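Peer 1: Encoded as structure tokens, here's the structure I'll be asking about.
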Amino acid sequence: MKVCGFTIVRNAVKLDYPIVEAITSILPLCDEMIVAVGNSEDGTLELIRQIDSDKIRVIETIWDDTKREGGRTLALETDKAFAAIPSDIDWCFYIQADEVLHEQYYRTVREAMLRYKDDKVVEGLLFDYKHFYGSYDYLGSSWSWYRREIRIIRNDKNIFSYKDAQGFRKKPNEKLKVKPVDACMYHYGWVRDPRAMQLKQQTFNRFYHDDQWIDQHVAKAGEFDYGQIDSLEIFEGSHPGVMSERIERLNWKFDHDLSKNRLSPRERLKRFLSLFTGRRVGEYRNYSVI
């Protein structure tokens, strides 16, 4: 079995993405790793090249910033990285620049890839998610956070990155048939210095909206206000080992009063209905579990 990781990144230094941690967290499961580095305004390319691994192959790309509808640029860049994966690879392990895999799941993930390697009906593997917010001590607990997503796919070039690269589909536009894996991806996209977080909001929204929308909806502030959140819970587990140095560098304080958690009337209704149906009512599922 041969496995190739792939990811995209741009301006990781400027926007404080944990891209080095993301890449190194899946390297033990990969024979190769494709990193598509977009045209950056900082030292992102140098940062990636400093990672001490001969598994990594960097491809340099130019992002089309005009594709603002639904984050299309991100999918196009992901497709470039996927296209660079050699034909002799069995599984392709996608990870985003703010996601990290905990080492406690290595054995489980490897066993799943081996188990379904020759079962061609299985087109991908589905991971659970933990979404951190504000600091490394809090998790988003409302159902607005996606619960699961595909992160390992077959090396089938009929598969493509869907919408804003959150997941995948197969041509012409079919959901992938997937098997759940008892493993969790740690998403740190909402944990960074408030100044970097505010800059990320201003930058990232340009992949979805025009300048007028950004002027109207993105606050003109020096720091991001982490207080604007509906519901959190305390994280009581351990973080991936590759995150230890970054966590030690935390230089801001974030506390959340759990008694002030608030859920929308719609979510409260969904949770009530789920007690009877046994499933999350209205959950976004861009995959078919088999």
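Peer 1: State, in angstrom, two size descriptors of the stretch 2-78 derived from its alpha carbons: Rg to one decimal place and Dmax to the nearest whole number.
Peer 2: Just the Cα atoms of the stretch 2-78 yield Rg and Dmax of 12.6, 37 Å.
Peer 1: Considering the stretch 136-284, what Rg and Dmax in Å follow from its alpha-carbon atoms?
Peer 2: When restricted to the Cα atoms of the stretch 136-284, Rg and Dmax are 18.3, 48 Å.
Peer 1: I've got another one for you. Between L273 and D128, take the C-beta separation as r, use R0 = 25 Å, and let me know the FRET efficiency to the nearest 0.05.
Peer 2: Step by step, r from the Cβ atoms, then E = 0.70.
Peer 1: Still on this structure, please answer the following. Calculate the FRET efficiency for T108 and M1 from the Cβ-Cβ distance with a Förster distance of 22 Å, rounded to the nearest 0.05.
Peer 2: 0.90
Peer 1: Any chance you could tell me what percent of the C-alpha pair distances in the stretch 193-252 go past 20 Å?
Peer 2: The calculated P(r) of the stretch 193-252 puts 47 percent of pairs beyond 20 Å.
Peer 1: Right, something else. If you take the charge dipole of the chain about its Cα centre, with +1 on Lys and Arg Cβ and -1 on Asp and Glu Cβ, which of G134, M1, I159 is farthest toward its positive end?
Peer 2: I159
Peer 1: Follow-up. When you have a sec, figure out the Kirkwood radius of the chain from all distinct Cα pair distances and drop it here in Å to one decimal?
Peer 2: By the Kirkwood definition, the hydrodynamic radius is 20.0 Å.
Peer 1: Test of understanding: in a Gaussian network model of the chain with alpha carbons linked when under 10 Å, which of Q202, Q104, Q228 would top the mean-square fluctuation ranking?
Peer 2: Result for the chain, Cα springs under 10 Å: Q228 fluctuates most.
Peer 1: Label points 7 Å out from Cα along the Cβ direction at Q216 and K55: separation in nm?
Peer 2: 4.7 nm
Peer 1: Oh, and also: When only DSSP loop residues count, what trypsin sites (Lys or Arg not before Pro) in the stretch 75-168 have their Cβ near at most 11 other Cβ atoms within 10 Å?
Peer 2: For trypsin sites (Lys or Arg not before Pro) across the stretch 75-168 that sit outside H, G, I, E and B with at most 11 neighbouring Cβ atoms in 10 Å, the list reads K120.
Peer 1: Something else now. Go through G222, W190, N11 and say which Cα lies farthest out towards the positive end of the charge dipole of the chain; charges sit on Cβ, +1 for Lys and Arg, -1 for Asp and Glu.
Peer 2: Among G222, W190, N11, the one farthest towards the positive end of the dipole of the chain is W190.
Peer 1: Nearest-5 percent of antiparallel DSSP beta bridges in the chain?
Peer 2: 45 percent
Peer 1: So if I place +1 on the C-beta of Lys and Arg and -1 on the C-beta of Asp and Glu, and nothing else carries charge, what would the dipole magnitude of the chain be about its Cα centre? I want it in debye, nearest 20.
Peer 2: Dipole size: approximately 1240 debye.
The numbers here are math on the coordinates, done by the rules we state, and not lab data. Quick caveat, the model's predicted, so the values are computed rather than measured. All Cβ positions, even for glycine, are placed from backbone atoms using ideal geometry, and neighbour counts span all protein chains on display.
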